[in-house]
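Here is the structure we will look at.
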Amino acid sequence: MLEVAAVVPLEGRVVRMTLSDGTVVERDLTDLLAGGGVYASIADDDSAFRRVSVDYGTLVWPGDVDIAPETLIWDGPTPDDAPTRSPEPFLRPQPPRD
């Protein structure tokens, strides 16, 4: 199973993750964090969000905050064809068009 091997926080709530197979993907976590709750501290505080690190194959933050790797990599449960499928790289939101 793919895991997160390294992370770099980017602008806003976007992270660049290097996966265990060497794939590099970017994910905007804004919508995921918007629900508040356990994520409130990293959703509202830039410095808290930027303290992201990797532990046990997923992203973690101080205060026992983490996100399941399948959510980060696949945007949900691991797909049945995961061993033969690569995540889409560099998924970044597109700016609105005028």
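Compute the signed sum of charges (Lys and Arg +1, Asp and Glu -1) over the other residues within less than 15 Å, Cβ to Cβ, of Gly36.
Numbers: positive: Arg13; negative: Asp31, Asp44, Asp45.
Combined, the nearby Lys, Arg, Asp and Glu give -2.
Note on Ala34 and Asp55: with the Förster distance fixed at 25 Å, the Cβ-Cβ geometry gives a FRET efficiency of about 0.60.
Counting 0.36 nm for each residue step from Thr71 to Arg16 and taking away their Cα separation leaves a gain of 18.4 nm.
Rank these by accessible area, largest first, 1.4 Å probe: Arg13, Arg50.
The ranking, largest first, comes out as Arg50, Arg13.
The values are calculated or read from the model by the stated rules, or taken from the named source; none is laboratory data. The structure displayed is predicted, hence computed values, not measured ones. Every residue, glycine as well, gets a Cβ built from its backbone with ideal geometry; the counts of neighbours run over all protein chains shown. All accessible areas refer to the heavy atoms of the entire protein, side chains included, with ligands and DNA or RNA removed. Shrake-Rupley method; radii C 1.70, N 1.55, O 1.52, S 1.80 Å.
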